[in-house]
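As structure tokens, the structure follows; a few thoughts come after it.
Read-outs throughout are calculated quantities, based only on the coordinates presented, and are distinct from any laboratory measurement. All figures in this text were calculated on a predicted structure; none of them were measured in a lab. As a convention, Cβ positions derive from the backbone with ideal geometry for all residues, glycine included, and neighbour counts pool all protein chains shown.
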Ligand code: SF4
């Protein structure tokens, strides 16, 4: 009798979720370190097959707020426009891991883009459009230029915000043509870099960032708090300082969304609160991201930092950098 072949867990992970790493990120991995924080972000693990009961395929509720394909209109004055569903790397903790990857039909066709732009044009409360995906910096400079110009032609769209991991994970893609394609009359462009570890900010990455900022495009950063990657104050401090030095303002530190098979990356909220408190003690205000949680089901973001204000009989107490509560009486009427 022949033995049944054992199933290969990593093959099963790769069957369920896209896998890719760029040469720039691969070169950063220390093969002698079993806990390398770059490898942890991109190398598939059998632990991705462990699905916790509260993990959701659409953890931040994009679907509930999608009026037309590619548009997520969750907040009144802004919407997401998801142009592509592919990425240069596939992060093992991705909150859209059930949607991104080379399979599937997430990339907008020309006709679908027309419908999405018509929706935005018809909603004059939309002040800001957030280009995301997937990673929209995988588009050619020509396509980026076309989308930038079409959005800027909508009178009420004043802010065009591109979310990307490319300047860190594939910095040579940030060509002068791509940077030029971001700039447009009639709207202000921002670029938000997704980066999680200070080692991602290589010399080439910092040069890519400089090309964007030198062109007059402001940059922000978002980081995901990840167990085994950046869940210590030294790493977070080094990352935030490196970003500010590169002229990128830390914007959000995200508590990890409950996407399937990601629990091995998730920290406890109390640990995140301690880390941001320690960052607050150690570093300039410029280096402080807002620690946030996307409420499951598409209910928006909630700030998670411990409160620094509490009421007393005669006013308030405020918490200082060292965690000591200081009395703050209100002026008497
Ligand atoms: S780059 Fe963004 S969308 Fe793509 S896999 Fe990573 S987290 Fe997900």
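Worth a mention:
- Gaussian network model of the chain, Cα within-10 Å springs - most flexible of 291, 316, 90: 316
- Fraction of beta bridges assigned by DSSP in the chain that are antiparallel (%, nearest 5): 35
- With neighbours defined as other Cβ atoms within 10 Å of a residue's Cβ, the residues 17, 119 order from fewest to most as 119, 17.
- Share antiparallel - DSSP beta bridges, the stretch 36-144, percent rounded to 5: 40
- Residue exposure sequence - 7, 306 - by fewest surrounding Cβ within 10 Å: 7, 306
- The modelled label-to-label distance between residue 115 and residue 273, using points 7 Å beyond Cα along the C-beta direction, is 4.5 nm.
- By the helix-only formula, in which each DSSP H run with n ≥ 4 contributes -39500 (n - 2.57) and the sum is divided by residues, the chain has a 222 nm mean residue ellipticity of -8000 deg cm²/dmol.
- Relative contact order, percent, the stretch 273-333 [alpha-carbon distance under 8 Å, six or more residues apart]: 23
- Each residue in 89, 191 was given a count of other beta-carbon atoms within 10 angstrom of its own, and listing them fewest first yields 89, 191.
- Counting DSSP beta bridges with both ends in the stretch 247-333, the antiparallel % (nearest 5): 80
- Computed on the chain, with alpha-carbon pairs under 8 angstrom and 6+ residues apart, the relative contact order is 16 percent.
- Separation of the stretch 296-333 from the stretch 63-133 is 36 Å, based on Cα centroids.
- For the stretch 147-294, the average shadow cast by the Cα convex hull is 9.6 nm², which is a quarter of the hull's surface.
- Considering only alpha-carbon pairs that sit under 8 angstrom and 6 or more positions apart, the relative contact order computed for the stretch 174-288 is 27 percent.
- Relative packing of peptides 60-67, 242-249 - highest average C-beta neighbours within 10 Å first: 242-249, 60-67
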